[in-house]
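One structure is given below, encoded as structure tokens.
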Amino acid sequence: MASLTPKVGLVGAAIARKSTLNPRLFLATTQRYIQASSHDGSATEAVKQGADEAMNAAGDMKNKAYSTAQQVSHNTQDLAGKVSETAQEVTEKAKQTVQDAWGSAKDTAQQAKDTVLGKAEESKESVQRNAEQIKKSMNTKN
């Protein structure tokens, strides 16, 4: 029976001679021979089965790629949310720090103002007392 099924040739050699595709895209594989067969039904069935398996594998790869893309997208959104929350917290802390510093500066300025006004008032009273004593002294001498 082997003599009735002539060998047609190497698959890789036939593709390389007749294909316009870039030969670098083909992976190195072992040589396999194509044989003609008088059983067309089994060959057709084998081709259908191979095509079905290729389609299933492609579908699985597509689903895995889609699932991975969704997971990466979800992780990116989670990370962006965390970064946003952290930025808001830092902003709030900075705002609170600035408000505290401003309040402290206002309190210090008010205390300085009160101190200066208090000293000025004391000085004014002191000058008035000294002026009255001087007047009294001058009246008693005259």
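Read-outs: derived from the displayed coordinates by stated rules, not from any lab. These numbers come from a predicted model, not from an experiment. A quick note on method: Cβ atoms are made from the backbone with ideal geometry, for glycine too, and the neighbour counts reach across all protein chains shown.
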Can you pull the one-decimal nm distance between simple spin-label points at HIS74 and THR44, each 7 Å off the Cα toward Cβ?
4.6
Spelling out what I want: for every residue of the range 49-54, take phi, set θ = phi - 60°, compute 6.51 cos²θ - 1.76 cosθ + 1.60 (Karplus), and round to whole Hz; glycine and proline get x.
5, x, 5, 4, 5, 5
Checked the range 40-142 with the C-alpha gyration tensor, a ≥ b ≥ c its square-rooted eigenvalues, rounded below a/c of 1.5, otherwise prolate if a/b is larger than b/c and oblate if not; verdict prolate
